[in-house]
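J.: After the structure tokens below, expect a handful of questions from me.
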Number of protein chains: 2
Amino acid sequence: MRIALVAPSCRITPEAVERVRALAAAHFAEVELVVHPQCFLSDGHFAGSDAARADAFVEMANDSRIDALWFARGGYGSNRALEGVLPRLGPAAKGKTYLGYSDAGFMLGALYAAGIGQPVHGPMPGDINRVGGEAAVLRSLAWLAKRDPASLETSLRDRRPAAAFNLTILSHLLGTPWAPDLSGHVLMLEEIGEYMYRIDRALFHVTSDPMIRRVAGLKLGRCSDIPENDPDFIRNDVQVAEEWCARAGIPWLGVADIGHDIDNKVVPFGKVAR
Amino acid sequence: MRIALVAPSCRITPEAVERVRALAAAHFAEVELVVHPQCFLSDGHFAGSDAARADAFVEMANDSRIDALWFARGGYGSNRALEGVLPRLGPAAKGKTYLGYSDAGFMLGALYAAGIGQPVHGPMPGDINRVGGEAAVLRSLAWLAKRDPASLETSLRDRRPAAAFNLTILSHLLGTPWAPDLSGHVLMLEEIGEYMYRIDRALFHVTSDPMIRRVAGLKLGRCSDIPENDPDFIRNDVQVAEEWCARAGIPWLGVADIGHDIDNKVVPFGKVAR
């Protein structure tokens, strides 16, 4: 199978891609990585201009020889490419898997809203740079190559439709034309590098949305690298998530096994096809 | 006239309040400051519990002897008090002016959405702690005490309805039950302490909202204390605001004279009554 690497957010280094390529070759002989040269472009914060990032994504998504698009890494910027991507996706884009997380959630959410392909939350090639990151990268490859159930977040066993997002990304997607309807879904949220007051504020925003109030329930993934709040926020991430769920009438389902780390599990959007 | 000080977000120090009281006494003999003791409470991040902050706000808003509520300072937390405040406001709350900015935008926006009183963006007592902050505090007092037109943001002369928000606060208010309809308004946004990629992301979110796309136009106030973006974002705050307006079909109206500083001007929500 052919997996295309594209970078709708920030660029990845050739060195990181070579490590991922070697890992894939060693473990999944059936996988061919097709690395779009756009992954290595640089335009300030981004992996090339908005147009370059959109064009690469559309080229790979519309190529019938490609089975999946794998987001090289997150950072910021896939939202800037939405309007250059979504209207141009053709029939070949519909049969594909799209895998990433963090900032990629903008694109995954928009694809899910449009009913195009199978968006999947999971580790990206850029995770190879974490200590022990090979495990994360292999987890996504195992899902892409052979739908390995060991890659999945364990609570997906209950067969309800699910979706997973970075909390801040979902907050910034809600209300836009690209927001998916998550009614009836188990919603998993994770965060990194945000103060407790910001986690609290984003949870207020997300759980106050009328559409989000129709989810089947909320699970909180890991919120890592939380800077010290001054003064002490007293409540922690799990406590405020539970509190906002109670206020919003959203069933609180506990913690989820996702986050910005090497243990980040795979969460296909919608019902898991097995 | 009686101006009540309440603190729906973070606490203020008694020393700051005494400085504001002395300033008011020296310049506005007609003003009596009624300082609710809740302003000095402390509960972790907040000026007392959510209930204490809501109760103090409701008590002052429903007191017919009070003419205006002045938010002591911003920080974070007025969103947590919304559901404890809005449903409990009675007839006496409707004739009042409510003045603040930054985090207070949650409450100002919700009051405007509910058609309760006159929400006003402008300097708060806590601004006394800025170098030269007396000018900011006096500007709000002049508006509260005698509707001094010199306090107003100058573009309000064009007589269109207006509203002013901190960008991040508006982003987190949109889509919630407390978001006001700003169709036809000149919308002014300011920001402080956010990276350029975050300013860009919040502007994407705000300008992608269908309701916001019906504003009369957008003006950008000062975005101050922007941390250095790595890599360089290339575009600045005004450039990205203009770009998102163009993408969204929102008339770009240039810069506004508001921000987290001593020059922050007064912006009454809606049409200015003179």
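J.: Take the Cα atoms of the range B:223-274, build their convex hull, and give its volume per residue in Å³.
T.: So the per-residue Cα hull volume is 115 Å³.
J.: Right, something else. At a probe radius of 1.4 Å, figure out the A/B buried accessible area, summed over both chains, and give it in Å² to the nearest 100.
T.: 3500
J.: For the range B:2-149, what is the relative contact order in percent, using Cα pairs closer than 8 Å and at least 6 residues apart in sequence?
T.: After rounding, I find 26 percent.
J.: Nearest 5 percent is fine: what portion of the DSSP beta bridges confined to the range B:151-274 is antiparallel?
T.: 5
J.: How big is the dipole moment of the protein assembly as shown about its Cα centre under a simple scheme where the beta carbon of each Lys and Arg is +1, that of each Asp and Glu is -1, and everything else is neutral? Debye, nearest 20, please.
T.: 1680
J.: How about the range B:177-204: which of its residues lose at least 50 Å² of accessible area in the presence of all protein chains relative to their chain isolated, using a 1.4 Å probe?
T.: Residues of the range B:177-204 that lose at least 50 Å² of accessible area once the other chains are added: B:ARG198, B:ARG201, B:PHE204.
J.: Report relative contact order for chain B in percent, whole number only (criteria: Cα-Cα under 8 Å, sequence separation at least 6).
T.: 18
J.: Let me ask something additional. Going 7 Å from Cα along the Cα-Cβ axis for the label, what nanometre distances separate B:ASP225 from the same residue across the other copies?
T.: 2.2
J.: For the range B:16-21, just list the computed ³J(HN,Hα) in residue order, Karplus coefficients 6.51, -1.76 and 1.60, θ = phi - 60°, integers in Hz, with x standing in for Gly and Pro.
T.: 5, 5, 5, 5, 5, 5
J.: So, one more: Given a cut-off of under 8 Å on Cα pairs at least six residues apart, what relative contact order in percent is computed for the range B:68-117?
T.: Reported as a whole number, the value is 50 percent.
J.: For the charge dipole of the range B:76-235, defined by +1 on Lys and Arg C-beta atoms and -1 on Asp and Glu C-beta atoms about the Cα centroid, which residue among B:ILE199, B:ASN129, B:GLY115 has the Cα displaced farthest towards the positive pole?
T.: B:GLY115
J.: Inter-copy label distances at B:GLU242, 7 Å along the Cα→beta-carbon direction, one decimal in nm, shortest first?
T.: Once sorted, the set of distances for B:GLU242 reads 5.1 nm.
J.: Quick one: net charge around B:ALA135, please, counting Lys, Arg +1 and Asp, Glu -1 for every other residue with C-beta under 12 Å from its C-beta.
T.: Summing Lys and Arg as +1 and Asp and Glu as -1 gives -1.
J.: Can I ask one more? Take the alpha-carbon positions of the protein assembly as shown, form their convex hull, and give its projected area averaged over all directions (one quarter of the hull surface) in nm².
T.: 23.3
J.: Which distances, shortest first and in nm, link B:THR154 to the matching position in the other copies, using label points set 7 Å out along Cα to C-beta?
T.: Distances between equivalent label points, in nm: 6.5.
J.: Here is a follow-up. So, counting K/R as plus one and D/E as minus one, what does the shell of residues with Cβ under 12 Å around B:GLY90 add up to?
T.: Combined, the nearby Lys, Arg, Asp and Glu give +1.
J.: Taking the Cα centre of the range A:155-255 as origin, sum charge times position over the Cβ atoms of Lys and Arg (+1) and Asp and Glu (-1), and report the length of that vector in debye to the nearest 20.
T.: 600
J.: Given charges of +1 on the Cβ of Lys and Arg and -1 on the Cβ of Asp and Glu, with all other atoms neutral, how large is the dipole of chain B about its Cα centre, in debye to the nearest 20?
T.: 1000
J.: Now for a separate question. So what is Rg over Rh here for the range A:2-149, counting just Cα atoms and using Kirkwood for Rh?
T.: Expressed as Rg/Rh, it is 0.93.
J.: What does the helix-only formula give at 222 nm for chain B: each DSSP H stretch with n ≥ 4 adding -39500 (n - 2.57), the total divided by the residues, and the result rounded to the nearest 500 deg cm²/dmol?
T.: Helices in chain B give a 222 nm mean residue ellipticity of -10000 deg cm²/dmol.
J.: For the protein assembly as shown, what is the accessible area per residue in Å² when the probe is 1.4 Å?
T.: Ligands and nucleic acids excluded, the figure is 35 Å² per residue.
J.: Taking each pair of distinct Cα atoms in the range A:155-255 once, what is the resulting Kirkwood hydrodynamic radius in Å?
T.: After inverting the pairwise mean of 1/r, the radius is 13.6 Å.
J.: May I ask you to list the lysines whose Cα is less than 22 Å away from that of A:LYS265, ignoring any residue fewer than eight positions away on the same chain?
T.: Answer for A:LYS265, where 22 Å is the Cα cut-off: A:LYS96, A:LYS146, A:LYS219, listed by chain and number.
J.: For the range A:20-62, just say rounded, prolate or oblate: build the C-alpha gyration tensor, square-root its eigenvalues into a ≥ b ≥ c, call rounded for a/c under 1.5, and beyond that prolate if a/b exceeds b/c, oblate if not.
T.: Since a/c reaches 1.5 but b/c is at least a/b, the shape of the range A:20-62 is classed as oblate.
J.: While we're on this one: For chain A, the longest stretch holding no GluC sites (Glu not before Pro) located in a DSSP loop with at most 14 other Cβ atoms within 10 Å is which?
T.: A:31-227
J.: Return the carbon/sulfur percentage of the accessible area of the range A:44-199, one whole number, probe 1.4 Å, all protein chains in place.
T.: Carbon and sulfur: 50 percent of the exposed surface of the range A:44-199.
J.: Something else: Which value results when the Cα radius of gyration for chain A is divided by 2.2 N^0.38 Å?
T.: This ratio for chain A stands at 0.95.
J.: How about A:LYS94: which lysines have a C-alpha closer than 17 Å to its C-alpha, ignoring those fewer than 8 places off in the same chain?
T.: Within reach: A:LYS271.
J.: Determine one quarter of the surface area of the Cα convex hull of the range A:39-125, which equals its mean projected area, and express it in nm² to one decimal.
T.: Taking a quarter of the hull surface, the average projection is 4.9 nm².
J.: What is the average number of partner chain Cβ atoms found within 10 Å of a Cβ in B:42-48?
T.: Average per residue, whole number: 4.
J.: Which trypsin sites (Lys or Arg not before Pro) in the range A:136-179 pass both tests, a DSSP loop state and at most 11 other beta-carbon atoms within 10 Å?
T.: Qualifying residues, ordered by number: A:ARG159.
J.: Moving on to the next point. What's the minimum Cβ distance from chain A to the axis relating it to B, in whole Å, and which residue gives it?
T.: A:GLY175, 2
The values are calculated or read from the model by the stated rules, or taken from the named source; none is laboratory data. These figures come from a predicted structure and were not determined experimentally. Here Cβ is always computed from backbone atoms with ideal geometry, including for glycine, and neighbour counts include all displayed protein chains. Accessible surface is based on the protein model in full, side chains and every heavy atom, while ligands, DNA and RNA are left aside. Shrake-Rupley method; radii C 1.70, N 1.55, O 1.52, S 1.80 Å.
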